[in-house]
Each structure stands twice: as structure tokens, then as C-alpha cells.
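Working notes, structure below.
Bear in mind these aren't lab numbers, they're just calculated from the coordinates by the rules spelled out. The structure displayed is predicted, hence computed values, not measured ones. Quick reminder, even Gly has a Cβ in these numbers, built from the backbone with ideal geometry, and neighbours come from all protein chains shown.
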């Protein structure tokens with residue numbers, strides 16, 4: 001009986017190890033995670049072309065729940081690519097990541113444009129979008145300071161340094 005118990009225990013250990021390794025090895029790359037998030041945005045936009053106010057609210061809830069995942073996956077993608085020492089492999093992987101991340105948006109661009117048009121033609125949806133943009137801008141200004149990004153969209157390193165040491 002103890003021999004059978006040893007065989008069963010050994011099988012469980014080996015099986016558990018294989019299962020754990022498979023899970024670790026099959027983890028989705030972060031650029032695909034970004035793409036999955038964008039695909040969800042597409043899905044929300046597509047199903048709300050006729051209900052833009054509801055769509056804006058649903059997008060707001062989605063981003064509130066998943067913005068950390070999305071920005072984390074973008075950061076992980078950049079870190080992954082920057083860790084590739086060979087320039088050609090680095091550039092190739094960066095192009096692959098770009099394609100993987102933005103393929104869902106390219107695939108649904110018509111739906112996104114139709115949703116954006118519906119939002120622009122709906123006063124309540126437009127007000128919600130404008131309010132969300134203003135709040136986000138205020139949040140970023142408070143956190144980062146309003147002078148860190150210049151008119152060309154470049155980060156002013158002196159302003160960033162000042163913001164970091166003065167707060």
C-alpha cells in the first residue's frame with residue numbers, strides 16, 4: 001500500500017509540476033494583452049452606436065476597471081522589447097508588438113468612427129466625454145504638473161525634475 005501511495009504522490013508531483021510549467025510558459029505576451037483590451041473597447045463601441053450615452057458610461061467603467069492593466073501591459077511590452085540586446089531583433093519585436101496591440105483598433109475603425117459620430121451628435125454623451133476629458137486632464141496636471149509636457153508633446157526634463165523635487 002505504501003508503494004502505491006508513493007507512486008500516486010510522485011505522479012501528483014510530476015503532474016502538478018508539468019501543469020504549473022505549462023501555465024507559466026503559456027502566459028500571454030503583454031502586447032497581446034494590450035490588443036485584448038483594445039478589442040474590448042471596440043466591442044463596447046460597436047454595441048453602443050445606437051446608444052452613445054450608455055456607451056460612454058460603459059467605456060468609462062471599463063477604463064476605470066482596466067486602465068491599470070492596460071498601462072501595465074504597455075509598460076511590460078516596452079520593457080520586454082528594450083531587454084532585447086540585438087538591434088534587428090529589437091526592432092522586429094517592436095513592429096510585431098505594434099501590430100498585435102493595434103490590430104483590433106484597425107479592424108474596428110469603422111465601428112469606432114460610427115460610435116464617435118454618434119457621441120458627437122448626442123448632447124448627453126458629448127457632455128460626459130468632455131467632463132471625463134477635463135477630469136483626466138486635471139488629474140494629470142495635479143499629479144504631473146501642468147508644465148511637464150511642452151506644446152510639441154515632449155516631456156520637459158527640467159520641469160519633470162522640478163515637479164519631482166518640489167512635491
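The label-point distance for residue 106 and residue 64, in a model that sets each label 7 Å from Cα toward Cβ, rounds to 3.4 nm. Taking the Cα centre of each part, how many Å lie between segment 31-47 and segment 120-161? Here the answer is 23 Å between Cα centres. Pairs of Cα atoms nearer than 8 Å and 6+ residues apart set the relative contact order; for segment 35-102 it is 39 percent.
Sorting 114, 161 on the 10 Å Cβ count, fewest up front, what's the list? Intermediate values should be presented prior to the final figure.
Working: 114 17, 161 11.
Placing the least packed residue first, the sequence is 161, 114.
Which FRET efficiency value, to the nearest 0.05, is calculated for residue 117 and residue 86 with the Förster distance at 41 angstrom and r the Cβ-Cβ distance?
Computed FRET efficiency for residue 117 and residue 86 comes out at 0.35.
Sorting the segments 93-106, 27-40, 126-139 by their mean number of nearby beta carbons within 10 angstrom, highest to lowest, gives 27-40, 93-106, 126-139.
Counted over all Cα-Cα pairs of segment 61-167, pairs farther apart than 19 Å make up 68 percent.
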